[in-house]
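Undergrad: What follows is a structure written as structure tokens; I'll ask about it next.
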There are 2 protein chains.
Amino acid sequence: MNLQQFRFVRETIRRDFNLTEAARMLYTSQPGVSKAILEFEDELGIKIFERHGKRIKGLTRPGLAVSQVIDRIMLEVDNLKKVSDEYARRDEGGLTIACTHTQARYMLPKVIPAFRQRFPKVHLSLAEGSPRQLAEMVLHGQADLAIATESLALTPGLVTLPCYTWEHVVVVRPDHPLADLRSSAVKKLSLEQLAEYPIVTYDRAFSGRTAIDDAFAGQRIHPDIVLEAIDADVIKTYVDVGMGIGIIAGVAYDPRRDSGLVGLPVGRLFGTHTTRIGVKAGVFLRDYVYTFLEMAAPQLTREVVQQAIMEHGGDIAPE
Amino acid sequence: MNLQQFRFVRETIRRDFNLTEAARMLYTSQPGVSKAILEFEDELGIKIFERHGKRIKGLTRPGLAVSQVIDRIMLEVDNLKKVSDEYARRDEGGLTIACTHTQARYMLPKVIPAFRQRFPKVHLSLAEGSPRQLAEMVLHGQADLAIATESLALTPGLVTLPCYTWEHVVVVRPDHPLADLRSSAVKKLSLEQLAEYPIVTYDRAFSGRTAIDDAFAGQRIHPDIVLEAIDADVIKTYVDVGMGIGIIAGVAYDPRRDSGLVGLPVGRLFGTHTTRIGVKAGVFLRDYVYTFLEMAAPQLTREVVQQAIMEHGGDIAPE
DNA sequence: CACCGTTACGAGGTACGTAACTATG
DNA sequence: CATAGTTACGTACCTCGTAACGGTG
């Protein structure tokens, strides 16, 4: 029994039971993987994989149980490396943040400069993707943190922590009829009124889009969504060229920088959303990661986060 | 990084930082252990052990952190073997119960025959020791369960579950003055009255002895404890030869088998005690272990026990 | 027949044991 | 000076890669 066998089993499962793929991902030969797994099964006295003749099709029941234990072992092996790095190179290391474009473009710039100053030796990297992908990246150890608004909380094995809340904002061109409303009129804006114009907003998987859909559907309104994009910059660009009105996250509108557009605070129409940070349950986080979390959201103190990670699947109320 | 290195580190710590001892326990050469650990420290980039010249004295701070992670890894590696055995040999395996003499002699005989009938292929073994030793055996994986009344609950890393409650009983020879009391008089027996006679009872570490001491001390009575023993059989023997009156656990007195002695139910004087079963936090238990627990105490269902094990250090109220 | 997993075999490297050496208390 | 840890070194074994083989869809 050795760590290599654990790696092979885990990777084979991740590569959809394709040994050849698994071997390639681990930079080794396919027969080596095959042999190691066979020997491992032999030692345990069980079959881990369901085989149709020679094709590996899936996990057996004991294989499922074994793979779960292996996941826990490999998680701790990863922790071992992190723990020792924590002492060997106190303020050095890497921090990979998996997030949506909105976070990378509008929220992280408020945090990262200060973090960088405090930990100049930490190598930062940002990865973007859909919330589903972000969660996957964290679960597989490819990223340390996932930051997103939607669906993160539902992923098993992921601990999610409330970071900040926000509301949507409507952006229009200065020459648009809605641009001239007085602020009292803006406060009274209804979904019907918005639906009179073509709408440019987020793709289905991002930044509270489901809340937008739900809001309209709740009043049986069928808005004309002429364009979907995953980021507010694209949306603003198309609003600017006259495609329609934009609905974007409040954080994505800056009156100063977006001086070519008018923002209408209509948050109440689409509800309040909580952006959450997700970490893998049971991981060891480097000291600077805790500091990062506290910089991003003061309520996420080391104690709060550690408890959430240990309680494994625990979640903290949005308040 | 490999499992062997983890084993060496763990064993070195357990053997009080004596490499030679650790090597012997693992049936390998001492230089091999030394080299493996040095390489491991090198790979992690930290020193695990505090060295005075060449003598290993203790753990460094990173070493402590690393050793905790290693403990979790090795726990899961053990689980791996158990999980696969669970499927490979469904009703076969071993069950080692670490318990005090009282449990082995009086309580387990009520459970083990039925268990044996249900799982004839499970090899049972009983280990006896002080509660402190029992806890240690379970924590080191030398025993699956610990059963005892005292102090188990306090051991960190051990999950303890309430099994049954009991009270003490006083045993005297038939020719003893107390033997002739009517049951109404027995109900009124006081500590003072008992303290008029020399007492034979348990050793300090066993079966509610502290409760006996506390009861007397609470009324500022200094009983004459003429003999201490770790088991009721010994106590009864000395009561029988006229050394004094005996105070033993209720389960240890059987009117039929102990016909040469008279039992006086004076439980209220020394309080009610809960015998607990301890398992290591986070372990995987074979199916038959869950069955055993439920046979020993019907309230300890699989769900209850599993939850307690997972909540790691969790405890269930005696009710 | 193209793809995938297993078996066979050989070279390189690693693990481990013995022996010698060194430092500590 | 006895005990304990590290270094040195050689052998045995094991890992891993290439090549060949056997089944599956």
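Undergrad: Taking residue A:5 as meeting all but one of (1) under 29 Å from the mean Cα position of the chain (by Cα); (2) modelled with pLDDT of 95 or more, write down the number of the exception.
TA: (1)
Undergrad: Among the residues of region A:45-75, which ones are free of Cβ contacts under 8 Å to residues at least 12 places away in the same chain and either more than 9 Å from every other protein chain (Cβ to nearest Cβ) or closer than 30 Å to residue A:290 by Cα (or both)?
TA: Answer for region A:45-75, where residues must be free of Cβ contacts under 8 Å to residues at least 12 places away in the same chain and either more than 9 Å from every other protein chain (Cβ to nearest Cβ) or closer than 30 Å to residue A:290 by Cα (or both): A:51, A:52, A:53, A:54, A:55, A:64, A:68, A:69.
Undergrad: On to the next question. Identify, please: which residue in region A:1-53 is assigned to a helix (DSSP H, G or I) and of a type in the set (Phe, Trp, Tyr) and is, among those, nearest to residue B:3 (Cα to Cα)? Explain how you work it out, then say what you get.
TA: Step one: of region A:1-53, the residues assigned to a helix (DSSP H, G or I) are A:3-14, A:19-25, A:30-44.
When the remaining residues are screened for being of a type in the set (Phe, Trp, Tyr), the result is A:6, A:8, A:40.
Values: A:6: 11, A:8: 15, A:40: 14 Å.
Going through the qualifying residues, I end up with A:6.
Undergrad: Which of the residues spanning region A:202-238 are of a type outside the set (Asp, Glu) and over 23 Å from residue A:272 (Cβ atoms)?
TA: Within region A:202-238, A:222, A:226, A:227, A:234, A:237, A:238 meet the criteria.
Undergrad: Continuing with this model, one more query. Quick one: how many residues across region B:1-23 are near DNA strand D (Cβ under 10 Å from one of its atoms), surrounded by fewer than 19 Cβ atoms within 10 Å (Cβ to Cβ) and over 18 Å from residue B:50 (Cα atoms)?
TA: 1
Undergrad: Follow-up question, since we're still on this one. If I filter region B:29-54 down to residues being more than 9 Å from DNA strand D (Cβ to nearest atom) and surrounded by fewer than 16 Cβ atoms within 10 Å (Cβ to Cβ), which single residue comes out as nearest to residue B:136 (Cα to Cα)?
TA: Here the residue is B:50.
Undergrad: Let me ask another. Identify, please: which residue in region A:77-98 is surrounded by 18 or more Cβ atoms within 10 Å (Cβ to Cβ) and over 17 Å from residue A:290 (Cα atoms) and is, among those, farthest from the other protein chains (Cβ to nearest Cβ)?
TA: Among them, the one singled out is A:77.
Undergrad: Determine which single condition residue B:101 fails, assuming it passes every other condition in (1) over 27 Å from the mean Cα position of the chain (by Cα); (2) more than 9 Å from chain A (Cβ to nearest Cβ); (3) away from DNA strand D (no atom under 11 Å from the Cβ); (4) at pLDDT below 95.
TA: Among (1) over 27 Å from the mean Cα position of the chain (by Cα); (2) more than 9 Å from chain A (Cβ to nearest Cβ); (3) away from DNA strand D (no atom under 11 Å from the Cβ); (4) at pLDDT below 95, the lone unmet condition for residue B:101 is (1).
Undergrad: Could you check, for region B:112-119, whether at least one of its residues is farther than 25 Å from residue B:154 by Cβ and within 14 Å of chain A (Cβ to nearest Cβ)? It would help to see each step written out before you state the result.
TA: Initially, region B:112-119 is screened for residues farther than 25 Å from residue B:154 by Cβ, giving B:112-119.
In the following step, the residues that additionally are within 14 Å of chain A (Cβ to nearest Cβ) were identified as none.
So far as region B:112-119 goes, no, none of its residues is farther than 25 Å from residue B:154 by Cβ and within 14 Å of chain A (Cβ to nearest Cβ).
Yes/no matrix, rows are residues, columns are (1) surrounded by fewer than 17 Cβ atoms within 10 Å (Cβ to Cβ); (2) part of a loop (DSSP other than H, G, I, E, B); (3) modelled with pLDDT under 95:
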position	(1), (2), (3)
B:75	no, no, no
B:132	yes, no, yes
B:143	no, yes, no
B:165	yes, no, yes
B:171	no, no, no
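Undergrad: Grab the helices (runs of 4 or more DSSP H) fully contained in region A:174-244, keeping just those with 3 or more residues being touching a residue at least 12 places away in the same chain (Cβ under 8 Å) and under 26 Å from the mean Cα position of the chain (by Cα).
TA: Working: elements: A:183-188, A:191-195, A:209-218, A:232-240.
Helices (runs of 4 or more DSSP H) meeting the threshold: A:209-218, A:232-240.
Undergrad: Quickly run through region A:13-40 and pick out the residues that are under 19 Å from residue B:76 (Cα atoms) and near DNA strand C (Cβ under 9 Å from one of its atoms).
TA: Of everything in region A:13-40, just one residue is under 19 Å from residue B:76 (Cα atoms) and near DNA strand C (Cβ under 9 Å from one of its atoms), namely A:37.
Undergrad: Next question. Going by what's in this entry, would residue B:238 be described as among the hydroxyl-bearing types (Ser, Thr, Tyr) and in contact with a helix residue (DSSP H, G or I) (Cβ under 7 Å, 6 or more places away or on another chain)?
TA: Taking the combined requirement at face value, the residue does not satisfy it.
The values are calculated or read from the model by the stated rules, or taken from the named source; none is laboratory data. The model shown is predicted, which means the values in this text are computed figures rather than measured ones. Please note: Cβ atoms are built from the backbone with ideal geometry, for glycine as well, and neighbour counts cover all protein chains shown.
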